[in-house]
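To start, the structure itself, in C-alpha cells.
Coordinate-derived values only; no laboratory data. Model, not experiment: these values are computed from the prediction. Heads up, the Cβs are rebuilt from the backbone with ideal geometry, glycines too, and the neighbour counts pull from every protein chain shown.
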Amino acid sequence: MNNSLTNTARLLGAGLRALLVLTLVTGVIYPLVITGIAQGLFPGKANGSQITSDGRVVGSSLIGQQGYSLDYFQPRPANGLGENSVNTRYKLILSGATNLSADNENLVKSVREAKAKVVKENSTADYTVNPADVPADAVTSSGSGLDPDISPRYADLQVHRVAERNDLSVAQVEKLVKAHTEGRTLGFVGEPRVNVLELNIALKDLVAKS
C-alpha cells in the first residue's frame, strides 16, 4: 500500500513538474523569443504592416479599404463582406466571399452592372473606357473581400478620371501608378499588383504639392 502511494505521488510530482516546465517553455519563453526575433528582423510586418500618413496610422498594407471618393483610385469590390449580427454593440465587418458560381444569375447581373459603372465613372471628356478593357478585378470581389491590391490594368484604367478630378496631367498620374506597381513576388509568384491605400496616399501628397 505504501509503495503504491509512493509511486502515485512520484508520478503526480513528475507530471506537475513536466506541466510547469512545458508551460514555461511553450507559454512564456518560446513566444518571447519569437516575438523578439520578429520585432528585431521584421518590425513592420510584426506590427501589422501599418501605413502612416501625416504622422498617424491610416491602415494596413494587408487589408483593403472601401469608401474612397472618385477623386481617388478605387479598390476591388467587396461584395462578400457582411456585418456582425451577434455582438450588436460594435459594428464589425466580417470578411468573406459571395460563394456564387460563375453561372449564377445574381453574379452575372452584378458583374454586368459593375462593368457599366466602371465604364461610366472612368470615362472622361477626352477618354472613353472600352468595356472590353475592364479587368476582372474591377468587377469581382476577392475571396476575403479585403484584398488591398488591384491589377496594374485596373489602376491604368482609372488614370484619366483621377487626373481630371485632381487637376493633374495624365502623365503625372501614370508615373505615380508605375512607381507603385509591384512585380511578382520572387519574380514568379503571383501577379503584378498595386496597393490602393499606398497609391492614394501618394496621390494625396502629389495633389498637395501641386
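Helix-only mean residue ellipticity at 222 nm, the chain, DSSP H runs n ≥ 4 weighted -39,500 (n - 2.57), per residue, nearest 500. What is it?
When only DSSP H runs of four or more count, the value is -14000 deg cm²/dmol.
Quick one: the Cα spread of the chain along its three principal axes, in angstroms, biggest first?
97, 45, 42
Gain in length, residue 209 to residue 25, computed as 0.36 nm per residue apart minus the alpha-carbon separation, to one decimal in nm? Show your work: numbers first, answer last.
Numbers: separation 184, 0.36 × 184 = 66.24 nm, distance 5.35 nm.
Value of the extension gain: 60.9 nm.
So, with +1 on the Cβ of K and R and -1 on the Cβ of D and E, and no other charges, what is the size of the charge dipole of the chain about its Cα centre, to the nearest 20 debye?
Roughly 780 debye, rounded to the nearest 20.
Just order 157-170, 39-52, 22-35 by mean Cβ neighbour count inside 10 Å, highest at the front, would you?
Ranking, from highest mean packing down: 157-170, 39-52, 22-35.
What lysines sit close enough to residue 175 to cross-link, taking a C-alpha to C-alpha distance under 23 Å and skipping anything fewer than 8 places away on the same chain?
Straight-distance partners of residue 175: 204, 209.
Where a Cα-Cα gap under 22 Å defines reach, which lysines qualify for residue 117, not counting those fewer than 8 residues away within the same chain?
109
Non-local amide H neighbours of residue 129 (under 5 Å, H modeled in plane, Pro and chain starts lacking H): which ones?
Those qualifying (amide H under 5 Å, at least 5 residues apart or on another chain) are 123, 124.
Residue by residue through segment 51-62, what is 3J(HN,Hα) from phi via Karplus (6.51 cos²θ - 1.76 cosθ + 1.60, θ = phi - 60°)? Round to whole Hz and write x for glycine and proline.
10, 10, 8, 6, x, 9, 6, 10, x, 10, 6, 9
What is the sum of charges around residue 109, taking Lys and Arg as +1, Asp and Glu as -1, for the other residues whose C-beta is under 15 Å from the C-beta of residue 109?
Residues near residue 109 contribute 0 overall.
Using a Förster distance of 25 Å, how high is the FRET efficiency between residue 56 and residue 172, based on the Cβ-Cβ distance and rounded to 0.05?
Working: r = 26 Å, r/R0 = 1.04.
Calculated value: 0.45.
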